[in-house]
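Each remark here refers to the structure printed beneath this line.
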Amino acid sequence: MAGVAPFSDDTPRTPGAGSIAGMVEALRLVDHHCHGVVRAPLERRAFESMLCEAAAPGRWHGSLFDTHVGIAVRRLCAPVLDLAPHAEPDEYLERRAELGVDEVAGRLLRAAGISEFLVDTGFHPEQLTTPDVLAAYAGGTAREVVRLERVAEETIAVCSAGTFAQECRARLGDAARTAIAFKSIAAYRVGLDLAPERPSDAAVFTAAARWASGVAAGKPIRLADETLIRFLIWTAIDLGLPIQFHVGYGDADINLARADPSLLTPLLRATADRGVPIMLLHNYPFHRHAGYLAQVFDHVFVDVGLAVHNVGRGGAARVLAELLELAPFGSVLFSTDAYGLPELFHVSAVRFRDALATVVEEQVARGDWSEDDAMRIARTIGSENATRAYRLYQ
Amino acid sequence: MAGVAPFSDDTPRTPGAGSIAGMVEALRLVDHHCHGVVRAPLERRAFESMLCEAAAPGRWHGSLFDTHVGIAVRRLCAPVLDLAPHAEPDEYLERRAELGVDEVAGRLLRAAGISEFLVDTGFHPEQLTTPDVLAAYAGGTAREVVRLERVAEETIAVCSAGTFAQECRARLGDAARTAIAFKSIAAYRVGLDLAPERPSDAAVFTAAARWASGVAAGKPIRLADETLIRFLIWTAIDLGLPIQFHVGYGDADINLARADPSLLTPLLRATADRGVPIMLLHNYPFHRHAGYLAQVFDHVFVDVGLAVHNVGRGGAARVLAELLELAPFGSVLFSTDAYGLPELFHVSAVRFRDALATVVEEQVARGDWSEDDAMRIARTIGSENATRAYRLYQ
Amino acid sequence: MAGVAPFSDDTPRTPGAGSIAGMVEALRLVDHHCHGVVRAPLERRAFESMLCEAAAPGRWHGSLFDTHVGIAVRRLCAPVLDLAPHAEPDEYLERRAELGVDEVAGRLLRAAGISEFLVDTGFHPEQLTTPDVLAAYAGGTAREVVRLERVAEETIAVCSAGTFAQECRARLGDAARTAIAFKSIAAYRVGLDLAPERPSDAAVFTAAARWASGVAAGKPIRLADETLIRFLIWTAIDLGLPIQFHVGYGDADINLARADPSLLTPLLRATADRGVPIMLLHNYPFHRHAGYLAQVFDHVFVDVGLAVHNVGRGGAARVLAELLELAPFGSVLFSTDAYGLPELFHVSAVRFRDALATVVEEQVARGDWSEDDAMRIARTIGSENATRAYRLYQ
């Protein structure tokens, strides 16, 4: 990694940007939502299928390198692998294969400048590095985020409807001893229009019985029941850990119209006094809605992860600025939502730093904020809000 | 107030901005939607609770001074109180207490450069200055906007279901003699998905009876019935005054998903030929939707009040520009939606002038608009549209 | 037309923009969705009624020249008619009348620099030029886009419920021999919340019988039945031509809340493997939603036509940049959606070129894209994506 400065993006900076950009560049970020990386070597089609939310390159659109994130990998990651910026995709993938997965992951993750990773281990963990391996690449530390729906699916596989609630509570209680947070993918399964009430034991039993009999009849074990998802959420609230929600865009399995964070309003009202932070992940293209929720609900934290590395440099600054229109500065977090490719950690961190520096520098340049305020706010968004909300380092 | 130029924000200007900025600076604005200010002295927590739509500073997000509007108060209002820009919150509040509420309100309201205030007197009026007192601070004039739901609530408290409709019509008729407009908060109570038809007398009676019996049984007097709200709206239309609608974001009581202005489409179609202007207030984050409605419905006027002082300087210019993408220039209004704090009038006016100047100057700088057109359009948005729509000075 | 350079907008350019702007300027665009122009002379009110989506200038908003598109006509089209930029509306209309409709249309359409027009002939074709006449003005070529709902309406007028499905299939099959694509205006008639399944023959018969009996009873022949519209869409899919959908904003007949492209998600999933491109037209203000759909569905193409000429120069660059946040560069198309006025083709083309050049130049200026990539992407968006998706020139 000689010659590659830690978490530098080597892209041109506004002249005179000075100390704020430098401070943001040096920030050790807390990535409060990410996944492991793939250790198997990747052919071009497999690599492209992990670049963005498209399942694979296609007949009509052509290569997925022709997206903001695809070009960003060539621009930002190629130099970390000793290539010239804008290397062609095949040249990049050849060099990647030559260096080997561990070397590539190590270089890119160290370059990202992330010190702490909160890792969702609930989606195809068998294909991905564990949180510890991920953190070791980066020279940082990692904590586990446990996916509620996955725990329920593991439970129903081995118990009856009659014991489901109790068994599930026990498993989540066990998980809470080591996990840093829970996560719900209600948006993917039933949408975010969740009733606010904790479901009754009877309702949970009935729903579990329906699910168990479907599974017994050979249906795949996939939780898509609103009552049971609410049961999981309320069980998690009892356990006191922060709860992350997938919100807004994702892959083709999501229905965007049901992933609008404002649909969560009744549940946010019902949980406002529980002392449990609710983390709204991604949010794009509803990030302004999310900013509103963060303003009026003290326990709501928000980010624009996933979007940040997908939408281009200008897009990232625009989207972060829009999130910050209403969100109190104490409620905004950094996440990559990187999955599979170490490249996504690096692109995400570079783009986030650039967006954050751009937004706060603009305030200072126009005299709207003092430089002290700008520095303080940049630090709080980059790591301190996450440290406080997740009680890291306690 | 010696040394404080009237409605100047003393922030750096683009060099050479010249005459348009100067003209916009000198515009005497019509604030077509605002509230009174609080006369009681305010401790820090009480002050923060009025800064934005959050109920109060909280355990997780920290001080609400760490928002765009909080920093703007320190930046823009501190100099009006003889402090340096960016004064710390406690220093600012100390100086505020030292000067006294009347002196502070007078300085800030005169600095705002608003000549006419249309004041919604329907929300906690007992805590706020009357329209006349507000206007006296500013050296301007004020007119009253009457909240429909409040009139209905005052009516049901003293009459039966059988006389409700008649009594309510009489009260609204009385109000119309002095008020400049009506306002509905349907968005807060039942959402904007209102049926377009005028409800029948029988339907109004049935709904009033249900409400009255709830009240008799001890429920709080709070109108949240779609039929009765439609009855109020159609009664107001008969009276011929403009009707304001809360649209988009507000405090935690609103459900953003039901506050989308496009939900009003059927009602807007049904009222298009009534000769009554409909004012869509705030609109954020649906201000592009509102711009569409303003384009296709001649009787629809729109603003981005409330958002303007909340979203930062760059945000205000962005949001106004987005509103103006589709809204005809003859349909856009200025409002502060300031409530409680005189600071919000000043911040709102400064930010609105800056946004308006930024948007029109950009057109002239690129040669897209002539300077004459730019001047004319800025004036129409700042005051002439409101003068025409509300028939002020007649 | 002496002295008017082909498709030049003669507006000031960023100095040093250089070769990308020049290349974009010279691009021969494919307009994949437009309408014919009016040949009758137009008085001011009639002209204004075609400028934007408002039905006519109105009592409250005043002249529709006071919109971005109105000012753009004075700025961009006046010089093409030998007037000074920013000519007053009456002066412009006088000169327009003096030159005559054919001369005006010829000048403006040649100035637009469009080589290929895909023309929707389904809306008031009796008032508009045919595709061939339109293309002749421009010195280009034209292909016909057939509106599904219109074919159904022509069919029901002459057949019984029992023969409707068969007759409609036959007519669409005939149309497919010469048309380049089909189009659905489901958004206007029933909204985009369409069930994904192909309706059964029995369901089509029942719906056709209901419609036919309404028509027999004297109702206007207007298709607004979800089942029949789905029948048309699936019939079109069987025929293999691309299908365009009106999405997002339009005139006062649309209900924006039902025109959100994410409502199409189930249908997009159901048609993903059919080999038929789906074109989402306009999309504003849901263009970010559309970009998401384009990313996760390979057969989805998107544009921001109609918005581009309505939202001003800065707005067009903003809206295109937002569309490109998630949309793969291979999925984005150009269209004008011009209707009636040749001016709209010119304004749309000028604004689109400016937006495209602005977006890609920004990437190059910051070092994020190579100039080669920028050139390639600009070309693909301006014409090559449409050529591929519609199999033009085969």
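The values are calculated or read from the model by the stated rules, or taken from the named source; none is laboratory data. Just so it is clear, the model here is predicted, and its values are computed rather than measured. Because the Cβ atoms are built from the backbone with ideal geometry, glycine has one as well, and the counts that use them run over all protein chains shown. Each accessible area value is taken on the protein alone, full model and side chains, heavy atoms only, with ligands, DNA and RNA left out. Shrake-Rupley method; radii C 1.70, N 1.55, O 1.52, S 1.80 Å.
See the values below:
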{"item": "Helices (runs of 4 or more DSSP H) contained entirely in the range A:130-193, each with at least 3 residues that are closer than 30 Å to A:Glu103 by Cβ and in contact (Cβ under 8 Å) with a residue 40 or more places away in the chain", "result": "A:131-138"}
{"item": "Filter result (more than 8 Å from chain A (Cβ to nearest Cβ) and open to solvent by 10 Å² or more (accessible area, probe 1.4 Å)) within the range B:46-55", "result": "B:Ala46, B:Ser49, B:Met50"}
{"item": "Where A:Arg147 falls short, out of the listed (1) charged (D, E, K, R); (2) touching a helix residue (DSSP H, G or I) at 6+ places or on another chain (Cβ under 6 Å); (3) closer than 16 Å to A:Ile237 by Cα", "result": "(2)"}
{"item": "Residue in the range B:73-85 that is within 14 Å of chain A (Cβ to nearest Cβ), surrounded by 17 or more Cβ atoms within 10 Å (Cβ to Cβ), in a loop (DSSP other than H, G, I, E, B) and over 17 Å from the mean Cα position of the chain (by Cα) present", "result": "yes"}
{"item": "Residue count for the range B:378-394, restricted to those that are part of a loop (DSSP other than H, G, I, E, B) and either closer than 17 Å to B:Gln244 by Cβ or in contact with a strand residue (DSSP E or B) (Cβ under 6 Å, 6 or more places away or on another chain) (or both)", "result": "3"}
{"item": "Cross-chain or 6+ apart pairs with Cβ under 7 Å, the range B:324-346 first and farther than 16 Å from B:Ser383 by Cα, then surrounded by fewer than 24 Cβ atoms within 10 Å (Cβ to Cβ) and charged (D, E, K, R)", "result": "none"}
{"item": "Residue in the range C:191-208 that is out of contact with any strand residue (DSSP E or B) (no Cβ under 7 Å at 6 or more places or on another chain), in the same structural domain as C:Ala272 (by TED's automatic domain parsing) and of a type in the set (Ser, Thr, Tyr) present", "result": "yes"}
{"item": "Those residues of the range C:273-298 which are in a loop (DSSP other than H, G, I, E, B) and either facing chain A (nearest Cβ under 8 Å) or among the basic types (Lys, Arg) (or both), in sequence order", "result": "C:Arg274, C:Gly275, C:Pro277, C:Phe297, C:Asp298"}
{"item": "B:Phe301 touching a helix residue (DSSP H, G or I) at 6+ places or on another chain (Cβ under 9 Å) and either under 19 Å from A:Arg318 (Cβ atoms) or not in a loop (DSSP other than H, G, I, E, B) (or both)", "result": "yes"}
{"item": "All positions within the range C:80-106 that are closer than 25 Å to B:Leu324 by Cα and of a type outside the set (A, V, I, L, M, F, W, C)", "result": "C:Pro85, C:His86, C:Glu88, C:Pro89, C:Asp90, C:Tyr92"}
{"item": "Matching option when the condition is modelled with pLDDT of 95 or more and surrounded by fewer than 21 Cβ atoms within 10 Å (Cβ to Cβ), among A:Arg376, A:Arg313", "result": "A:Arg376"}
{"item": "Residue match in the range B:225-245 (condition: open to solvent by 30 Å² or more (accessible area, probe 1.4 Å), more than 30 Å from B:Gly291 (Cα to Cα) and of a type in the set (A, V, I, L, M, F, W, C))", "result": "no"}
{"item": "Checklist (1) surrounded by fewer than 22 Cβ atoms within 10 Å (Cβ to Cβ); (2) in contact with a Cys (Cβ under 8 Å, 6 or more places away or on another chain); (3) not β-branched (Val, Ile, Thr) applied to B:Ala257, failing item", "result": "(2)"}
{"item": "Test: residue in the range C:145-164 that is open to solvent by 10 Å² or more (accessible area, probe 1.4 Å), assigned by TED's automatic domain parsing to the domain that holds C:Ala207, closer than 16 Å to C:His35 by Cβ and β-branched (Val, Ile, Thr)", "result": "yes"}
{"item": "Residue, surrounded by the most Cβ atoms within 10 Å (Cβ to Cβ), within the range A:165-186, restricted to residues that are among the aliphatic types (A, V, I, L, M) and in contact with a Pro (Cβ under 9 Å, 6 or more places away or on another chain)", "result": "A:Ala181"}
{"item": "Some residue of the range B:209-218 being away from chain A (no Cβ under 14 Å) and part of a loop (DSSP other than H, G, I, E, B)", "result": "yes"}
{"item": "The one condition in (1) over 14 Å from A:His309 (Cβ atoms); (2) more than 8 Å from every other protein chain (Cβ to nearest Cβ); (3) buried (at least 21 other Cβ atoms within 10 Å of the Cβ); (4) over 19 Å from the mean Cα position of the chain (by Cα) that A:Leu42 fails to fulfil", "result": "(3)"}
{"item": "Top-ranked residue of the range B:196-224 - restricted to ones that are within 25 Å of B:Ala389 (Cα to Cα) and touching a residue at least 60 places away in the same chain (Cβ under 8 Å), ranked as surrounded by the fewest Cβ atoms within 10 Å (Cβ to Cβ)", "result": "B:Glu197"}
{"item": "Hey, C:Leu306 more than 10 Å from chain A (Cβ to nearest Cβ), over 13 Å from the mean Cα position of the chain (by Cα) and touching a residue at least 12 places away in the same chain (Cβ under 8 Å) or not", "result": "no"}
{"item": "Hits in the range B:311-352 (condition: among the polar types (S, T, N, Q) and either outside any helix (DSSP H, G or I) or in contact with a Leu (Cβ under 6 Å, 6 or more places away or on another chain) (or both))", "result": "B:Ser335, B:Thr336"}
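Here is a yes/no grid of residues against (1) touching a residue at least 40 places away in the same chain (Cβ under 8 Å); (2) on the phi < 0 side of the Ramachandran plot; (3) not in a loop (DSSP other than H, G, I, E, B):
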residue	(1), (2), (3)
A:Arg45	no, yes, yes
A:Glu53	yes, yes, no
A:Trp60	no, yes, no
A:Ala111	yes, yes, yes
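Results for (1) surrounded by fewer than 24 Cβ atoms within 10 Å (Cβ to Cβ); (2) away from chain A (no Cβ under 14 Å); (3) out of contact with any Pro (no Cβ under 6 Å at 6 or more places or on another chain); (4) modelled with pLDDT of 95 or more, shown as yes or no for each residue.
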| position | (1), (2), (3), (4) |
| --- | --- |
| C:Leu333 | no, no, yes, yes |
| C:Pro342 | no, yes, yes, yes |
| C:Ala355 | no, no, yes, yes |
| C:Thr358 | yes, no, yes, yes |
| C:Glu361 | yes, no, yes, yes |
| C:Trp369 | no, no, yes, yes |
